[in-house]
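The values are calculated or read from the model by the stated rules, or taken from the named source; none is laboratory data. Just so we're clear, the structure is a prediction, and the values are computed from it rather than from any experiment. Neighbour counts are summed over all protein chains in view; Cβ atoms, including those assigned to glycine, are modelled from backbone coordinates with ideal geometry.
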Amino acid sequence: MTCLRFYTLSPFSVTLEHVPDRELGPLLNHLADAGFESPVIKPVRRRAGVPKAAASARGRRADLPEEWSLVREGEGESYQWPEERDLYSRYRVFMGVTRSEGVVHIGLGETIRKKRWGRNRK
């Protein structure tokens, strides 16, 4: 006769290390769907003296899309920075395909930033 006992040791703290950027969004969506809506996210510390681009590229060639296609155009979009909000007079979203990331999107907005680095900038 076999007797199985299950012990509950909750709550648990789970750490997932080195989650790639492209996987973070879907992972957070799955966590929210499961009822865990407030995860603690910490950036990975880079080695001292290694620039950000060098740490991420690690000698690989850039995997950029061969071409971009316009997905959407709009007006009146905005983005909240820590100290101010940018309002974009024109906003366009482009889509491209890379080998490693698959479909990627980039949004480009036009705005005037007053008194940045000594002058108004578009």
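Structure above, values below:
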{"item": "Any strands (runs of 3 or more DSSP E) falling wholly within the range 39-122 and containing at least 1 residues that are at pLDDT 80 or above", "result": "69-74, 77-80, 85-88, 90-98, 102-110"}
{"item": "Scan of the range 89-119 for residues that are closer than 12 Å to Trp68 by Cα and exposed (fewer than 13 other Cβ atoms within 10 Å of the Cβ), ordered by number", "result": "Val103, His105, Ile106"}
